[in-house]
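Below: one structure, written as structure tokens.
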Amino acid sequence: MAKDQPPYLSLRRSCYLLLLLSFFSSFLFICWSYFSNRCYADVQIAAEADKRELELLSFQAAWNSLHFPPEPPSRLLKLAVFVKKWPDKHHAGGLERHAMTLHKDLARRGHELHVFTSSSTNVTSIKNLHFHLSQPTAAGYLDQATIWKQFQAEDSTGRPFDVVHTESVGLMHFRARNLNNLAVSWHGIAYESIHSDIIQELLRAPQDKQSSILAERVTKVVEEIQFFPRYAHHVATSDHVGDVLKRIYMLPEERVHIILNGVDEGIFKPESYSGEDLKLAFGIQESTPLILGIAGRLVKDKGHPLIFEALKQIFNESSKFKEDVVVLVAGDGPWGARYKELGSNLHVLGPLDQAQLARFYNVIDIFVNPTLRAQGLDHTLLEAMLVGKPLMATKLASITGSVVISQEIGYTFSPTVDMLKKALYDVWKDGRVTLQKKGQLARERALKLFTATKMAAAYERLFLCIAENKKVRNGYCTYTNN
């Protein structure tokens, strides 16, 4: 049995304990004060960084995230625009639609634009927008000799062009190499296409012949790396392409600028009454639990064989899914007729103009894009987001890097039938209420980044910066976050 300890020992131990606690408390207070001050200082530094002037040509993120003045600038530019084709009403690819949306907006802001393009049936009469038409080559490209003569003639009329803008290779590199005031927007590069080629090879039926496209594509990448430096400035339409141009194509960072695609927010917006005519035309009941929407060219590389097979299998597996789900398909192409084989709850609408597309998006609960093409930034995704619809899209770098960046705004899937089926089942199980919440968040993101207004403002500032006189600075190449 232990002996009782003398009282003075207990007192001594208590004093030691109190001294230790006092020292420890003082130490904690000093540490707290130090790290609190450090944290406050870090916040101050971050705040100062936000206010700090940025050199725009060296800005690494998307220019759409910046806030430029809504009013037209004091300096109005004369711009030359080269685009392979001006869009027709119902048949327009992403490049053509981008060209029309951007340059019409710049013309409305007072800039003088001269568009060098092939003959079109949709040449719009808009103030400040002038067309110089020519016949395309047999391969469908702009006749470089003809458009160069047209360009030189207009450039020598007394007021030369301030900036030249080419949509992809509308103006070939051998014409562009001596133009220091030129910017090219890339809507698809060969390096991106390698991913698409791999997908196509994996989906190839055993009886089909193996393609040599992969080897050819690598050669194309090398060719692009060699001639891309001849263009003075490069606009990447997605974050992924911006990274590729700098890392793989080894272009100087100050010559690569990310400006994400944008679509007309005045057309693509939520309207509860819009699209009721589509429901009536196809007998779609208000009680229908889920409406899927697909839009675009109905061709193989847009993923239509993939989603056709996925829907076919699901309809055979689950009579309840088939009973609950209606599928609307907008667009034309060879897969339009095939879709009709899936039954009466799948409706092919044919090609739609922009106003009709807006009604289409308002009717559906979720927009599905099964594309196998890893090129550019698909406008249909942005249109659906602005209308307030969630997305379901293929896991391609441009999509997951710039658009469907989280599950909060949509679903992504690897391009296989099984993974697409899983995503479709997930959407069905989540239901309309969950989809509406995702759609609201999708619209919030789209309003911040993917409107035509944001895109046009970013391009306008880039063009003003390129045109800025190096001797007389007007501040267009500098950005201050007020």
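One table, with the values for the structure above:
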{"item": "Residue that is nearest to Pro73 (Cα to Cα), among those in segment 426-455 that are touching a Ser or Thr at 6+ places or on another chain (Cβ under 8 Å) and surrounded by 15 or more Cβ atoms within 10 Å (Cβ to Cβ)", "result": "Met455"}
{"item": "Hits in segment 324-340 (condition: touching a residue at least 12 places away in the same chain (Cβ under 8 Å) and more than 24 Å from Gly94 (Cβ to Cβ))", "result": "Asp324, Val325, Val326"}
{"item": "Flag if Ile314 is assigned to a helix (DSSP H, G or I), modelled with pLDDT of 95 or more, crowded, with 16+ Cβ neighbours inside 10 Å and not polar (S, T, N, Q)", "result": "yes"}
{"item": "Residue check, Phe308 closer than 20 Å to Lys438 by Cα and assigned to a helix (DSSP H, G or I)", "result": "no"}
{"item": "Residue satisfying condition, being open to solvent by less than 10 Å² (accessible area, probe 1.4 Å), closer than 30 Å to Gly336 by Cβ and modelled with pLDDT of 95 or more, within set Gly242, Gly275, Gly293", "result": "Gly293"}
{"item": "Failed item in (1) more than 22 Å from Val404 (Cα to Cα); (2) open to solvent by less than 60 Å² (accessible area, probe 1.4 Å); (3) assigned to a helix (DSSP H, G or I); (4) of a type outside the set (Gly, Ala, Ser), with Leu251 passing the rest", "result": "(3)"}
{"item": "Test: Gly110 is among the small types (Gly, Ala, Ser) and closer than 15 Å to Val83 by Cβ", "result": "no"}
{"item": "All strands (runs of 3 or more DSSP E) inside segment 317-382 with 2 or more residues being β-branched (Val, Ile, Thr) and over 27 Å from the mean Cα position of the chain (by Cα)", "result": "325-330"}
{"item": "Hey, Leu381 without any contact (Cβ under 8 Å) to a residue 40 or more places away in the chain, over 25 Å from Ser287 (Cα atoms) and buried (at least 24 other Cβ atoms within 10 Å of the Cβ) or not", "result": "yes"}
{"item": "Where Ile405 falls short, out of the listed (1) free of Cβ contacts under 8 Å to residues at least 60 places away in the same chain; (2) hydrophobic (A, V, I, L, M, F, W, C); (3) open to solvent by less than 50 Å² (accessible area, probe 1.4 Å); (4) under 30 Å from Leu202 (Cα atoms)", "result": "(3)"}
{"item": "Pick from segment 188-239, criterion part of a loop (DSSP other than H, G, I, E, B) and under 19 Å from Ser402 (Cα atoms), ranking: most open to solvent (accessible area, probe 1.4 Å)", "result": "Gly188"}
{"item": "Output for segment 150-187, where each listed residue is within 28 Å of His240 (Cβ to Cβ), of a type outside the set (A, V, I, L, M), in contact with a helix residue (DSSP H, G or I) (Cβ under 7 Å, 6 or more places away or on another chain) and in a loop (DSSP other than H, G, I, E, B)", "result": "Arg177, Asn181, His187"}
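The values are calculated or read from the model by the stated rules, or taken from the named source; none is laboratory data. Note that the coordinates shown come from a computational prediction; the quantities given were computed from them, not determined experimentally. All Cβ positions, glycine included, derive from the backbone under ideal geometry; neighbour counts span all protein chains shown. The protein model used for the area step is the full one, side chains on, heavy atoms only, and it has no ligands, DNA or RNA in it. Shrake-Rupley method; radii C 1.70, N 1.55, O 1.52, S 1.80 Å.
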